Amino acid sequence: MQVEKASGIYISYALDFGIILLSGILYYLSIHIIDVLGATPETVHQSRVLFWAGVVIFFVGVVLILWEWTIYTNAENEVKAVFSTCPLCSSSDTKATLSINKAEIECLDCGAQWMIQISGISGKLKTAKLVHPSKDSKGRELLNLEKPKEFWIKLAREGKSKTSSQETGVTHEVKSGGEDIEAKLQKLKELYEKGLLTEEEYKEQKRKLLEKL
Ligand SMILES: [Zn+2]
């Protein structure tokens, strides 16, 4: 998955650095105001005010940078966790463009696109909606529905265990689950027959699979 940051993110970092630069200017003025205007009780007072304003602004700038860095890092991790493979076609050729409070995801294979809402406070992924179905119309029934990240993770996981289906969504889940278990049972039986599993292991695994049905 490729992740890109939109220019808005760089601008917000630049503003934070601007704030830090401003604190430097205030500090500079606090030193030179006495040199330029002479040491009077008034200029000494002004110098102190400028100095402390500079200190406060400096820390505000640092906190903002760290906060924004945390938000964008969280957002990037969330996006990678959910969309590292396309929920519709399982391709890992996906691209994310992060902006402030949102992200756009595009599958470079099937052309599906998502718009994601990101918390501006924590950077956590709130909801994602499909804004463009795949080229072969997969996911059309999900178009423009805001869904939590768990929904898309689940869909991606199901997508990996199936190869061909035009359906997505709830009706599909049960079917895919059943087919999946059937394939696993088959595989398990093969392993047992080849002698790679003991009878005990075979029965145990089989029981676990059947519980999922
Ligand atoms: Zn795709």
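The values are calculated or read from the model by the stated rules, or taken from the named source; none is laboratory data. Keep in mind that this is a model prediction, so the values were computed, not measured. Every residue, glycine among them, receives a Cβ derived from its backbone with ideal geometry; neighbour counts consider all protein chains shown.
Residues considered: 40, 127, 70. Of these, the only one that is free of Cβ contacts under 8 Å to residues at least 12 places away in the same chain and more than 16 Å from the ligand (Cβ to nearest atom) is 40.
Among the residues of this structure, residue 116 counts as one that is among the β-branched types (Val, Ile, Thr) and either touching a strand residue (DSSP E or B) at 6+ places or on another chain (Cβ under 9 Å) or away from the ligand (no atom under 16 Å from the Cβ) (or both). Among the candidates 99, 23, the residue that is surrounded by 14 or more Cβ atoms within 10 Å (Cβ to Cβ), at pLDDT 95 or above and away from the ligand (no atom under 16 Å from the Cβ) is uniquely 23. Only strands (runs of 3 or more DSSP E) whose full extent lies in the stretch 52-162 are considered here, and the ones with at least 3 residues that are more than 30 Å from residue 31 (Cα to Cα) and of a type in the set (A, V, I, L, M, F, W, C) are 102-107, 113-118, 125-132. Between 90, 84, the distinction of being at positive phi and either within 16 Å of the ligand (Cβ to nearest atom) or among the aliphatic types (A, V, I, L, M) (or both) belongs to 90 only. Condition check: among the hydrophobic types (A, V, I, L, M, F, W, C) and within 30 Å of residue 72 (Cα to Cα). Does residue 26 satisfy that? Criteria met by residue 26.
Taken over the stretch 130-154, the residue count meeting the criterion of being without any contact (Cβ under 8 Å) to a residue 24 or more places away in the chain and touching a Pro at 6+ places or on another chain (Cβ under 8 Å) is 2.
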